[in-house]
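Rule-based calculations on the coordinates, nothing more; no lab input. No experiment lies behind these values; they were computed from the predicted model shown. All Cβ positions, even for glycine, are placed from backbone atoms using ideal geometry, and neighbour counts span all protein chains on display.
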Amino acid sequence: MRFFITMGGSAGFVLTLASGLHAGHVPAFALRDAGLGCVAGALLFRLAHRAFFSCLYSHLRERAAALEASAAAPETPTPQP
């Protein structure tokens, strides 16, 4: 999880700093906005990480329940003519 937060923070910082400087803002204001972009990017990536793993765990639980149900159900023999 630390990796995703770090990547999100650095991506948010770089994108916000580049867009602020490209828009012609004073570097001090661009760095302030980049700091806020860093926090916002880290939170967004953390949310995306949590949502991804929540879906993955849910899928794995459903697969395990389906496998247990199929293993517990006795197979009925097919009638022979």
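Using Cα-Cα distances under 8 Å and only pairs 6 or more residues apart, what relative contact order does the chain have, in percent?
Relative contact order here is 35 percent.
Under 15 Å from the Cβ of residue 4, count the other residues' Cβ atoms, weight Lys and Arg +1, Asp and Glu -1, and hand me the total.
+3
Given an 8 Å cut-off on Cα distances and at least 6 residues of separation, report the relative contact order of the range 1-41 as a percent.
55
Roughly how big is the chain's charge dipole about its Cα centre, with Cβ charges of +1 (Lys, Arg) and -1 (Asp, Glu), in debye to the nearest 20?
320
Based on alpha-carbon atoms only, what is the radius of gyration of the range 1-51 relative to the globular estimate 2.2 N^0.38 Å?
Dividing the Cα Rg of the range 1-51 by 2.2 N^0.38 Å gives 1.17.
Pairing the Cα long axis of helix 27-72 with the longest principal axis of the chain, what angle in degrees results, from 0 to 90 and rounded to the nearest 10?
Computed tilt is about 0 degrees.
Return the FRET efficiency for the residue pair residue 39, residue 59: r is the Cβ-Cβ distance, R0 is 41 Å, and the value is rounded to the nearest 0.05.
0.85
Can you give me the angle between helix 2-22 and the longest principal axis of the chain, using Cα atoms only, in degrees from 0 to 90, rounded to the nearest 10?
40
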